[in-house]
Amino acid sequence: MTVSGNDIPASAPARMAGTFGNRWWVVLAAGLGVIVAQGPVIVFTFGVFVDPVARTLGFERSTLSSALLVLTSAAALATPVIGWLMDRYGIRPVMIPLIALFAASTAALSLMQSSLAMLYGLFILQGIFSASQNPTGYVKAIAARFDRERGLAMGIAMAGAGLGVALVPLYASLLIEAYGWRAAYLGLGLLIVVLALLPVWLFLHEARVRHEATALDRRAMTEARPGGLTLAQAMKHSPQFWLLAAALLLAVTSINGVLAQLVVLLRERGFAPAAAATAMSVAGGTMILGRLIVGYCLDRFFGPHVGMIFFALPVLGIGVLLAGGNSGFLPYVAAALCGLGIGAEIDLMGFLVSRYFGLRAMAAIYAVLFALFTVGSGLGPHIMSLSRDLRQSYDPALIGFAAALSLAIALLSLLGPYRFPAEREGGAGQ
């Protein structure tokens, strides 16, 4: 029996977690969980809920978009704390209760009334608990189990978020049409329980060795324990941390800003509600494809180069929208290109964190970066709303997003070689 990098010994899983000890069960749990992660449940359903909620409660769109920004800011503040807790106490003990609270807080949005204090209060609660349903725990669990196939495993798991972007807004839209927006929030809460809470409880078992494990198993597991930088070391002594943070913040603000408001933008340009929702489904479908392709490529090519290519695609998509892509298939082309770009972000973040900073404090480092990612997820839609309210057009925001993505590409080009490459000959980045 041999161990390569952080791959768990083949005989250990059965002794570590019984029936569900095999490391690919972790990938399954992550793939199901991220279907109802922060993005699909909060950001990408925003365009579906905004009109019916505004009509019922009398809020302006800009007010609701500001509440979304408050929500994502609360999530950003909670994310590093939850990442530290995962490094300190383990993934399951932190995720299971917090996912239950995320489901409950999502369902509680059905109770909203025409009160700004209540609106912000409920959104803040949902934002705090949603931090358990960003990819931090899932990525840490996968990185601890995989080395040589880490990119592929992350790509397969994170493709679930693309499925969520494609299906969760459609699911919410159907519930709104049939039962109203209050029932739709209850339905989202139930979906989180089914697709996140139950799979994490059943399948996401961390690598542990029981007393009956052989001496060889215990030695192999000791050799596989993670090394790397602490969060403080990464922030103080690694320029890659800040380059990666800036690039990801610029990219997520830009791409999520376009996609989160794409339904509203297309409806203002004359698209029927179903046609506008279909564009989001196209984006979700290409997100799935993008994550699988990126995951495959990250194990074979230098990660920053992969990211540069995939961040260039939404620049083209924004160009299509700016060039008058208002009818026919062109808006779907733009949605597809943005979907490919957003599909690269989560895979890229988790993989590059593990390669540049190691696994020692991966959850904490990833969580800080994802906190910035979360801020961008709320900031982008708000910038789009401000552009529409102040300039009566989305074009100024779109132009700014294209420039921001170009800067993100330039920052990725400065990252340099991996500090913790895969433990194999000829691996990418070695």
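The values are calculated or read from the model by the stated rules, or taken from the named source; none is laboratory data. Computed from a predicted structure; not experimentally measured. Ideal geometry is used to build each Cβ from the backbone, glycine not excepted, and the neighbour counts take in all protein chains shown. SASA here: full protein model, heavy atoms, side chains in, ligands and nucleic acids out. Shrake-Rupley method; radii C 1.70, N 1.55, O 1.52, S 1.80 Å.
Please find the FRET efficiency linking residue 177 to residue 236, where r is the Cβ-Cβ separation and R0 is fixed at 41 Å, and quote it to the nearest 0.05. Here the calculated transfer efficiency is 0.20.
Using the 1.4 Å probe convention, the accessible area of the chain works out to 37 Å² per residue with neighbouring protein chains retained. The largest accessible area among 87, 389 belongs to the first residue in 389, 87, and the rest follow in falling order (1.4 Å probe, all chains). Between the beta carbons of residue 301 and residue 88, assuming R0 = 56 Å, the FRET efficiency works out to 0.95 to the nearest 0.05. The overall shape of region 55-103, judged from the alpha-carbon gyration tensor, is oblate: a/c is not under 1.5, and a/b is no greater than b/c.
How far, in degrees from 0 to 90, does helix 23-33 lean away from the longest principal axis of the Cα atoms of the chain, to the nearest 10? That helix lies at roughly 10 degrees to the long axis.
Cα convex hull, the chain: 122 Å³ per residue, rounded to a whole number.
Between residue 101 and residue 120, the contour length at 0.36 nm per residue exceeds the Cα-Cα span by 5.1 nm. Overall dimensions of region 112-184, expressed as equivalent-ellipsoid semi-axes from the Cα gyration tensor (√(5λ), whole Å, largest first), are 33, 18, 6.
Using only the alpha-carbon atoms, how far is helix 136-145 inclined from the longest principal axis of the chain? Give it as 0 to 90 degrees, nearest 10. That works out to roughly 30 degrees. The spacing between region 27-75 and region 116-171, judged by their C-alpha centroids, is 13 Å. The modelled label-to-label distance for the pair residue 391/residue 246, using points 7 Å beyond Cα in the direction of Cβ, is 2.3 nm. For the chain, the longest principal axis of the Cα atoms and the long axis of helix 395-412 meet at an angle of about 10 degrees.
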